[in-house]
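This report refers to the structure that appears directly beneath it.
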Amino acid sequence: MEEQKISMLVPALIGGGIAGVLSGIPVLNCLCCLWIIAGGIIAVFFLNKESTKPLTMGEGAIVGVFSGLVATAADFLISIPLAPLTNKFIASLMERIAEYADEMPAGWETWMERGAGSTHVSLVLLGILINALVFSVLGALGGIIGVSIFKRDNAKKGEKDVVDVPEDSRTIKDADNS
């Protein structure tokens, strides 16, 4: 069992790393949930290549959860250097909304002056925790989908159904006739 978890680590790092990077980039993060599901599918793809036996749905879900946790870390690490760019984008978006809106909520100007993206450490940690939970569930979903997609590949590699056919079929016919 321990060896199986170690074999899941590399596929989870690959799938989760790809998903986390894509979900951490400001414009591409609009498809964040899709990237995390795709990361679980990618992790199952690589695990499937290494496996000699067909993967179960449970194994797909486990590697998907690991992939989601890796994606959480990658998303956080990518978003740190891109935070000023994201904050500037949010500020300009709010200014545009204010131009066209008749009335903005009370206190939004002070929020803009302080910085649209400045947050407290506890909020950042809460965001990481929520991301970890959501990304784990979506990664597990992607892992389950991946197992159902790549199940046929295992049938080609692994053991095939064997039908026992006698070497000389005439012998059986002759035995039945007598």
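Select from segment 1-43 the residues that are outside any helix (DSSP H, G or I) and either closer than 15 Å to residue 76 by Cβ or modelled with pLDDT of 95 or more (or both) and list them in ascending order.
25, 26
Show the residue pairs that are 6+ apart or on different chains and have beta-carbon atoms under 6 Å apart, the first residue being within segment 30-54 and among the small types (Gly, Ala, Ser), the second being surrounded by fewer than 19 Cβ atoms within 10 Å (Cβ to Cβ) and outside any helix (DSSP H, G or I).
Listed by first residue and then by second, the contacts come to nothing, as the list is empty.
Can you tell me how many residues in segment 24-36 are under 13 Å from residue 134 (Cα atoms) and not β-branched (Val, Ile, Thr)?
Result for segment 24-36: 4.
Look at residue 24 and say whether it is free of Cβ contacts under 8 Å to residues at least 60 places away in the same chain, within 30 Å of residue 86 (Cα to Cα) and buried (at least 21 other Cβ atoms within 10 Å of the Cβ).
Against the criterion (free of Cβ contacts under 8 Å to residues at least 60 places away in the same chain, within 30 Å of residue 86 (Cα to Cα) and buried (at least 21 other Cβ atoms within 10 Å of the Cβ)), residue 24 qualifies.
Considering only segment 106-147, how many residues are modelled with pLDDT of 80 or more and either within 15 Å of the chain's Cα centre (by Cα) or among the β-branched types (Val, Ile, Thr) (or both)?
21
Does residue 68 fit the bill of being at pLDDT 95 or above and either part of a helix (DSSP H, G or I) or of a type in the set (Ser, Thr, Tyr) (or both)?
In short, yes.
The values are calculated or read from the model by the stated rules, or taken from the named source; none is laboratory data. None of the values given here were measured: they were computed from a predicted structure. For neighbour counting, all protein chains shown are included, and Cβ atoms are generated from backbone atoms with ideal geometry for every residue, glycine included.
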